[in-house]
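Undergrad: If you scroll down you'll find the structure; I have some questions about it.
The values are calculated or read from the model by the stated rules, or taken from the named source; none is laboratory data. Note that the structure is a prediction, hence the values are computed from the model and not measured. With ideal geometry, Cβ positions are generated from the backbone for all residues, glycine too; neighbour counts draw on all protein chains shown.
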Amino acid sequence: MKFKFTPKNEITIWYRLKRYPQAAIMSLFLVIAFTYLVCYGLNKIYPDLNLLDKVFPGKSVRYHFYSGFQGGTYYTIGDAIKGPFANEGDSLVNCSTKGGYENAMKVIIQKNSFGLIQEEIIHADDPLRKNVRFITPLFLERMHIFYRKSLFKNCNQPIQLSATTDPGILRCLSDSVKGMILGPVGSGTRILASYILTLMGQQINTSLKTFPKYKQVDMKFREAFGRMLSGQDSLIDILFYVAADPIEPIKSILDSTDYGLMSIDPSMVVRLNKDFNLSLRIADFKDKYEQTDDVSTIGTLAYLIGSKTIRDNVVLSLLNKINASKDTIHSKLIGHNSEYKLPLNEFGFFNSFSDDYMSLKKFQWRELAAFIFSVITLFFPVFRSVNRINSILKSWSLNKQIDDALAMFKKSTSENIGLARYQVHEILSGLREELIDLYGDGILPESNFTPLMQRITLHLEKLPGDGKVKHTQEVKKEEINNLLTA
């Protein structure tokens, strides 16, 4: 026997949503949870996408800016931009460090942090690079090798290091130079200086068959600059210093005439890059100081780095603060002298990042629209799946109630069989009405409805007795009469 039932009104999605709000809410929750998990997973695989930041914006946070030693270029920048972001709840704290590698490690460990670092501190193939975001170069830093002029007065001029350095210069470096300052351990200056000293030591050993006699002196740059400017210090013969140009301490030392800047020939730069797998640039000091037009050196880009989780809009706000603070920064570095080419004007760091950000921003509405469309599209199959699961549970529940009713009838005795028959008939009739309602509402598909309806009808027809269902009171009265008759 096959039952055909056609609902009087067409069943629509909107009708089902109103009829079964619990299933709709559960479906929406599942879609949002699934979307969040997908975004979270993609963020782990592709951190630069920042899908969670776009879909689920974060709250205001406090960022740390790891700069460098007090008085240095990095610290000066951090000091100028510290404080709250414009029109936002975020704020920035300037943190003093030794610079260099320490900045990278701090940014890796501390969430929501920024830092400045020379690009050569972490090589392109260094695994640590995967844990930090290289945002944009801010300016070019140059290697300054100060030498005491009196120690090299008998050497051929200019004083220059190259792939084949003049033996006379090597002799002065080996025999005359006693004290050498490389900067704090872990700093960018010390790391780059160690590469240069390695090649210098090899050249001295190969050319002069000896080893250099100089000693490294641990001294802060601020103290070293003060001693060099005093004109009475005999401890500092060579000083390595990587910094932006121009800055006032370097200008003052060059004006004192006691120290000069050693030149680094391009051939030396090529050798350094080849031997140590670096990407150093050939640079000069043109338009930086009056005495350095003929001096060449090595250059490395100072990069703004940040935590991998930092949002692009926060980066843009920070770059905007740096760009807006350029005059303040330059005034602290060199006193705003317009005749020099100032460091933060060498690259259009803000415009470059801003252009990229705005081009991506144009697609954010499309991304959001695509996301909403995906949620809506995903909602209906999930809602259908929830309804399907619900129909399976309903079918199971109806079958269980039929089984319970039949089990109750089987346990009846000859004394109460009439009452049991009546109760089972009522239960099965009620289940049949419920089944028809579920099928009419579209909750139960025909594949579930038909066998259930056949089962209920079959058991109703097979109930023992005359087929006439009596009221409960009539059944009780009949049982009493039977007892009296007996």
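Undergrad: Specify which of the listed residues (Leu229, Leu278) is assigned to a loop (DSSP other than H, G, I, E, B) and surrounded by fewer than 22 Cβ atoms within 10 Å (Cβ to Cβ).
TA: Leu278 is the lone residue from the list that is assigned to a loop (DSSP other than H, G, I, E, B) and surrounded by fewer than 22 Cβ atoms within 10 Å (Cβ to Cβ).
Undergrad: Pick from Gly179, Gly168, Gly188: which is surrounded by fewer than 20 Cβ atoms within 10 Å (Cβ to Cβ), touching a strand residue (DSSP E or B) at 6+ places or on another chain (Cβ under 9 Å) and not charged (D, E, K, R)?
TA: Within the list Gly179, Gly168, Gly188, the selection yields Gly179.
Undergrad: Output the residues belonging to segment 142-162 that are surrounded by fewer than 19 Cβ atoms within 10 Å (Cβ to Cβ) and assigned to a helix (DSSP H, G or I).
TA: If the condition is that a residue be surrounded by fewer than 19 Cβ atoms within 10 Å (Cβ to Cβ) and assigned to a helix (DSSP H, G or I), then Lys149, Ser150, Leu151 are the ones that fit.
Undergrad: Can I ask one more? Taking the residues in segment 199-213 that are surrounded by 12 or more Cβ atoms within 10 Å (Cβ to Cβ) and in a loop (DSSP other than H, G, I, E, B) as candidates, determine which candidate is modelled with the highest pLDDT.
TA: This residue is Thr210.
Undergrad: Would you check if there is a residue in segment 273-280 being in the same structural domain as Phe152 (by TED's automatic domain parsing), farther than 27 Å from Thr136 by Cβ and either touching a Cys at 6+ places or on another chain (Cβ under 9 Å) or of a type outside the set (Gly, Ala, Ser) (or both)?
TA: Scanning segment 273-280, I find at least one residue that is in the same structural domain as Phe152 (by TED's automatic domain parsing), farther than 27 Å from Thr136 by Cβ and either touching a Cys at 6+ places or on another chain (Cβ under 9 Å) or of a type outside the set (Gly, Ala, Ser) (or both), so the answer is yes.
Undergrad: Is it the case that segment 124-141 has a residue that's outside any helix (DSSP H, G or I), in contact with a Ser or Thr (Cβ under 6 Å, 6 or more places away or on another chain) and within 24 Å of Val269 (Cβ to Cβ)?
TA: Yes, segment 124-141 contains a residue that is outside any helix (DSSP H, G or I), in contact with a Ser or Thr (Cβ under 6 Å, 6 or more places away or on another chain) and within 24 Å of Val269 (Cβ to Cβ).
Undergrad: Answer yes if at least one residue in segment 434-444 is modelled with pLDDT of 80 or more and of a type in the set (Phe, Trp, Tyr), and no otherwise.
TA: no
Undergrad: Right, next: Within segment 281-300, take every residue that is surrounded by 20 or more Cβ atoms within 10 Å (Cβ to Cβ) and among the hydrophobic types (A, V, I, L, M, F, W, C) and give me the one that is farthest from the chain's Cα centre (by Cα).
TA: Val295
Undergrad: Does segment 249-265 contain at least one residue that is under 30 Å from Ser91 (Cβ atoms), outside any helix (DSSP H, G or I) and not basic (Lys, Arg)?
TA: For segment 249-265, residues under 30 Å from Ser91 (Cβ atoms), outside any helix (DSSP H, G or I) and not basic (Lys, Arg): absent.
Undergrad: For segment 229-243, what are the residues that are at pLDDT 90 or above and out of contact with any His (no Cβ under 9 Å at 6 or more places or on another chain)?
TA: Those that are at pLDDT 90 or above and out of contact with any His (no Cβ under 9 Å at 6 or more places or on another chain): Ile236, Asp237, Ile238.
Undergrad: Given the conditions (1) surrounded by fewer than 16 Cβ atoms within 10 Å (Cβ to Cβ); (2) assigned to a loop (DSSP other than H, G, I, E, B); (3) in contact (Cβ under 8 Å) with a residue 12 or more places away in the chain, and given that Val93 satisfies all but one, which numbered condition is not satisfied?
TA: Of everything listed in (1) surrounded by fewer than 16 Cβ atoms within 10 Å (Cβ to Cβ); (2) assigned to a loop (DSSP other than H, G, I, E, B); (3) in contact (Cβ under 8 Å) with a residue 12 or more places away in the chain, Val93 misses just condition (2).
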